[in-house]
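Below you'll find the structure, written out as structure tokens, and then a few comments.
The values are calculated or read from the model by the stated rules, or taken from the named source; none is laboratory data. If you're wondering where the values come from, they're calculated on a predicted model, not measured in any experiment. Note: accessible area is taken over every heavy atom of the protein model, side chains too, but ligands, DNA and RNA are not part of it. Shrake-Rupley method; radii C 1.70, N 1.55, O 1.52, S 1.80 Å.
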Amino acid sequence: MHRFILRAKELKNMFENILIGVFAVIIFGGAVAAWWIENGPEKKDKDEKREK
């Protein structure tokens, strides 16, 4: 029984680490997407058109 409790704690810790990693990837991906929308190639095209 003691091994089962230890195993459950290990699985809980592993699940928490995976969950934190997934949220970190989602947040980082959202930040990259927002940056791309603000500063991507379309932004450069608009800036060049304004200068002309």
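Sort out which residues of the stretch 1-17 are open to solvent by 100 Å² or more (accessible area, probe 1.4 Å) and aliphatic (A, V, I, L, M), and write them in order of number.
If the condition is that a residue be open to solvent by 100 Å² or more (accessible area, probe 1.4 Å) and aliphatic (A, V, I, L, M), then Met1, Met14 are the ones that fit.
When the stretch 27-39 is examined, which residues are found to be open to solvent by 100 Å² or more (accessible area, probe 1.4 Å) and among the aliphatic types (A, V, I, L, M)?
Selection gives Ile27, Ile37.
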